[in-house]
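Working notes for the structure below.
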Amino acid sequence: TIGNKDLKPETTRSSEVGVDLRFFGNKLGIDLAYYESKSIGQILSVPVAYSTGYEALVMNAGTITNKGLEAQVTVTPIDRKGFLWEMMFNFTRNRNMVVDLPDGVSMFPFETTGVSSTQSVAIEGQPYGVLYGTRYLRNEAGQILVRDDGYPSKDPLNGVIGDPNPDFMLGIRNTLS
């Protein structure tokens, strides 16, 4: 790997707006927040021609955005002398996108320890970390084409086969004291 004396720190710019509301003597709380962030100049080992004597060059490249919503509701159903029950419900939704990769790099694979043909990658216009690998051939209706021997037909070209990023996350916590 070729080092880079001009390497700079990654930069992330973010903004967030939110509101924290409390009602009924703090027995009900609602906390909402929306955020956006943009990370630029990410430090990547970008592949270079083997004729250089190296495999990769460390450089500042790549832009990723994140947008999301966080919500939390806190409820205190019981608050009596000597006993307190608090409940908290939270919801998180994050959407990330690979906006830009270095010139000449259409896909950036992440290091993997597995032996599978599937890998986690960054591709411009796709969410960060999509799964890339062997796909099946499909007809116009989206149905998998099956060969005469009963096995599915493989697409000769690899492609995006999934997104490991969750649609949303939910959490519930009860505290009894």
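Which condition does Ser116 not pass, out of (1) in a loop (DSSP other than H, G, I, E, B); (2) modelled with pLDDT of 90 or more, if it passes all the others?
With (1) in a loop (DSSP other than H, G, I, E, B); (2) modelled with pLDDT of 90 or more applied to Ser116, the lone miss is (2).
Out of Glu10, Glu36, Glu16, I need the residue that is charged (D, E, K, R), at pLDDT 95 or above and open to solvent by 80 Å² or more (accessible area, probe 1.4 Å). Which one?
Residue meeting the stated conditions: Glu16.
Considering Leu145, Leu84, which residue is touching a residue at least 60 places away in the same chain (Cβ under 8 Å) and more than 30 Å from Tyr35 (Cα to Cα)?
On inspection, the qualifying residue turns out to be Leu84.
Tell me whether the stretch 109-130 contains one or more residues that are in contact with a Lys or Arg (Cβ under 8 Å, 6 or more places away or on another chain) and over 25 Å from Ala49 (Cβ atoms).
yes
Of the residues Gly150, Gly125, Gly133, which is within 27 Å of Tyr35 (Cα to Cα) and out of contact with any helix residue (DSSP H, G or I) (no Cβ under 8 Å at 6 or more places or on another chain)?
One residue alone meets the criteria, Gly125.
Conditions tested, residue by residue: (1) among the acidic types (Asp, Glu); (2) within 15 Å of the chain's Cα centre (by Cα); (3) surrounded by 14 or more Cβ atoms within 10 Å (Cβ to Cβ).
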residue	(1), (2), (3)
Val73	no, no, yes
Leu84	no, no, no
Ile123	no, yes, yes
Arg173	no, no, no
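Take the stretch 50-82 and flag every residue that is in contact with a strand residue (DSSP E or B) (Cβ under 8 Å, 6 or more places away or on another chain) and either of a type in the set (A, V, I, L, M, F, W, C) or assigned to a helix (DSSP H, G or I) (or both).
Scanning the stretch 50-82 gives Thr52, Ala56, Leu57, Val58, Met59, Ala61, Ile64, Leu69, Ala71, Val73, Val75, Ile78.
Read through the list (1) open to solvent by 50 Å² or more (accessible area, probe 1.4 Å); (2) under 29 Å from Val58 (Cα atoms); (3) at pLDDT 90 or above, then give the number of the only condition that Glu111 fails.
Of everything listed in (1) open to solvent by 50 Å² or more (accessible area, probe 1.4 Å); (2) under 29 Å from Val58 (Cα atoms); (3) at pLDDT 90 or above, Glu111 misses just condition (3).
Here's a check for you: in the stretch 48-70, which residue that is in contact (Cβ under 8 Å) with a residue 40 or more places away in the chain and surrounded by fewer than 16 Cβ atoms within 10 Å (Cβ to Cβ) is farthest from Phe108 (Cα to Cα)?
Thr52
Against the condition modelled with pLDDT under 95 and either part of a loop (DSSP other than H, G, I, E, B) or open to solvent by less than 60 Å² (accessible area, probe 1.4 Å) (or both), how does Gly150 come out, does it pass?
yes
Across the stretch 86-108, what is the total count of residues that are within 18 Å of Asn158 (Cα to Cα), polar (S, T, N, Q) and open to solvent by less than 70 Å² (accessible area, probe 1.4 Å)?
0
Within the stretch 129-147, restricting attention to residues that are part of a strand (DSSP E or B) and not basic (Lys, Arg), which residue is nearest to Arg95 (Cα to Cα)?
Across the stretch 129-147, the extreme among qualifying residues is Val130.
The values are calculated or read from the model by the stated rules, or taken from the named source; none is laboratory data. A quick note: this is a predicted structure, and the numbers were derived from the prediction, not measured. A quick note on method: Cβ atoms are made from the backbone with ideal geometry, for glycine too, and the neighbour counts reach across all protein chains shown. Accessible surface is based on the protein model in full, side chains and every heavy atom, while ligands, DNA and RNA are left aside. Shrake-Rupley method; radii C 1.70, N 1.55, O 1.52, S 1.80 Å.
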